[in-house]
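The values are calculated or read from the model by the stated rules, or taken from the named source; none is laboratory data. In this text, all values refer to a predicted model and were calculated from it rather than measured experimentally. When we count neighbours, we look across all protein chains shown, and the Cβ atoms used for this are built from the backbone with ideal geometry, even at glycine. Ligands, DNA and RNA are stripped out before the accessible areas are found, and what is left, the full protein with its side chains, is counted by its heavy atoms. Shrake-Rupley method; radii C 1.70, N 1.55, O 1.52, S 1.80 Å.
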Amino acid sequence: MVYLSKYIVVTGGVVSSIGKGITAASIGRILRSYGVDVTAIKIDPYLNWDSGTLNPYQHGEVFVTEDGMETDLDLGHYERFLDVNLSGKSNITTGKVYSSVINHERKGDYLGSCVQIIPHITNKIKDMVRKIAQESQAEVVLVEVGGTVGDIESQPFLEALRQLRNEEGHDNVMFVHVTYVPYLRAAGEFKTKPTQHSTKELRSTGIIPDMIICRSELSIDQPLKNKIAHFCDVEREAVINTPDVGSIYEVPLIINRENVGEYIINRIKIDACEQDLTEWEKVVESLKQEDYQVSVGIIGKYVELEDAYMSIRESLKHAAANLGIKVNIEWIQAENIIDEEKVSHLDSILIPGGFGERGISGKLDAVRYSLQNKVPLFGICLGMQCMVIEFARLEGFEGAHSTEFDTETTYPVIDLMEEQKKIKNMGGTMRLGSYPCKLKDGTMAHEAYGEEEVSERHRHRYELNNDYRDVLREKGLIISGTSPDDFLVEMIELKDHPWFLGCQFHPEFKSRPNKAHPIFVSFLRAALENHKHKSGN
Ligand code: GLN
């Protein structure tokens, strides 16, 4: 059966990094509050096939989906705001579109045609978008086009989406343009001209926006919105303002006050129930804790760009809200020496995932500090590997290492599995996506999850070397989680330590504002205990 979805296409103008993804995700959350089933697509017009090979400084963290696709971090926002698991196909890149079209051409599928951007590339884009609609059976599909209108790379996508409106009909597709309205302090006024220009640029692609969402530093007033409506030719009620706010989770409440949901429901004729936003309001309220503050030091290589650890940051916020506390994150550069001075004031330490040798010695310093001073330490992926390496070194395996960093080490406690050794390509060849993990009775991991078996998302090549499993166990390392066949170590912890837990997977990809992740909650609970202990109450 062909399922008829409606599409909301979100474009951006003026400047990048204005929170187009958050805005689109907030629209989705509002529609969900009317009982509408929503899914999301992120279009990234770059040529990379996926974001797996991108340096985090380029576009922030790589978000991993259940089905093991390495995607743009906006998919993380969508999963958290919509509370759904998205398919990796929801991230469409120029690389995926072109490689698919070229594959068809090589197979002779175009029967002698000259293969061109229009219609072959644009048709492929529409097919990919419609496929997500079909597979998800969502009533509304949000389609966010990355970049800003006017970029050469995004032109085929805009053309395809313009055609989509024509083919699906006016009542089934709407366009939302997100712009930035700067406030000029010297002149003491907001300027609408950049919004007018970018709307004009959008119109030159044949797309007429139905709604303009103006991001701004401060709130803009109705006369200014009317001016934008007038010059950009949209209805007055369709000019929406989202000024800067303290928490991204407040954005749905802000756009709700501007009646975004009602406008969209009427514009694309959606069957909606009565609105119920109470769950989200509760989430926002619970995030506003100020009274009890607990600190976490994140020891990473990309700490100058918080987006590089987006899901971890959000997971910590969710867990803190769950415990009724506020978490203060301190970003600590792993490339420096990590000593007492850097970490002794902290209630807890977290070592995130990563690749490459840079920063490893700082991470190992942090593990040693945690072991010697009994400070709660949470290691994720590379973080867990560092815990195992430093633990082994302190237990007498001098020079123990991961073969990722030292192929000649005498004690390769972290190593590649045989099947990984044959792989030459970098893209999409790691252990990726969701895998089951069996938990050992009586461990912290088991207690935190409260379940026998869980499923978590992975993104790594290296594993704890099974040759060292028994000796490490003899030294006191607890293997608290393994693959169901017991072959791969998924979680480790220690007995004589208040909280020393590492996982080979990335729990941060599954935390939601309304469903804090149990391991993050358990970690912050230990941080809170340490905080109380340190402050003597
Ligand atoms: N570099 C390590 C590996 O490939 C860890 C990866 C990660 O932390 N995501 O196994």
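The table below gives the values:
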read-out: Dipole magnitude of the chain, debye to nearest 20 (Cβ charges: Lys/Arg +1, Asp/Glu -1, about Cα centre); value: 1200
read-out: Antiparallel bridge percentage (DSSP; both residues within the chain; nearest 5); value: 35
read-out: Charge dipole (segment 392-492, unit charges on Cβ, about Cα centre) - positive-most of Gly427, Gly450, Phe405; value: Gly427
read-out: Where a label projected 7 Å from the Cα of Ile102 along Cα→Cβ would reach, residues of segment 13-53 with amide N under 16 Å; value: 46-50
read-out: C-alpha long axis of helix 382-394 to longest principal axis of the chain, angle in °; value: 10
read-out: Mean separation of Cα contacts under 8 Å, 6 or more apart, over the residue count of the chain: relative contact order %; value: 15
read-out: Helix 122-136 axis, angle to the chain major axis (alpha carbon atoms, nearest 10°); value: 60
read-out: Separation of the Asn226 and Leu4 label points, Cα + 7 Å toward Cβ, nm; value: 3.8
read-out: Given charges at Cβ of Lys, Arg, Asp, Glu: the chain dipole, positive-most of Ile351, Cys232, Gly35; value: Cys232
read-out: Label-point gap, in nm, between Arg185 and Asp67 - each point 7 angstrom along Cα→Cβ; value: 4.8
read-out: Mean-position separation - Cα centroids, segment 315-337 and segment 67-145, in angstrom; value: 35
read-out: Gain upon complete extension [Leu305, Asp127; 0.36 nm per residue less C-alpha separation]; value: 60.6 nm
read-out: Segment 21-88, relative contact order in percent, only Cα pairs under 8 angstrom and at least six apart counted; value: 37
read-out: Cα→Cβ-extended label distance, 7 Å offset, between Glu217 and Asp467, nm; value: 6.0
read-out: Extension gain (nm, one decimal) between Glu262 and Ser483, 0.36 nm per residue minus Cα-Cα; value: 74.8 nm
read-out: FRET efficiency estimate (nearest 0.05) - Cβ-Cβ, Glu408 to Lys475, R0 25 angstrom; value: 0.60
read-out: Signed unit charges on C-beta, dipole axis of segment 129-219, positive-most listed residue Leu164, Thr148, Val129; value: Thr148
read-out: Apportionment of accessible area to carbon and sulfur, the chain, percent (1.4 Å); value: 48
read-out: Within segment 223-286, trypsin sites (Lys or Arg not before Pro) in DSSP loop having at most 16 other beta-carbon neighbours inside 10 Å; value: Lys269
read-out: Crossing angle, helix 155-168 versus the chain [Cα axis fit, 0-90 degrees, rounded to tens]; value: 60
read-out: Ranked packing of 466-472, 430-436, most packed first, by mean Cβ within 10 Å; value: 430-436, 466-472
read-out: Surface per residue (accessible, 1.4 Å probe) for the chain, Å²; value: 42
read-out: Vicinal HN-Hα couplings computed from phi for segment 101-110 (Karplus, 6.51 cos²θ - 1.76 cosθ + 1.60; Hz; Gly/Pro x); value: 5, 5, 4, 4, 4, 5, 7, x, 5, 8
read-out: Computed lengthening from Ser455 to Asn425, 0.36 nm per intervening residue step minus Cα-Cα distance; value: 8.1 nm
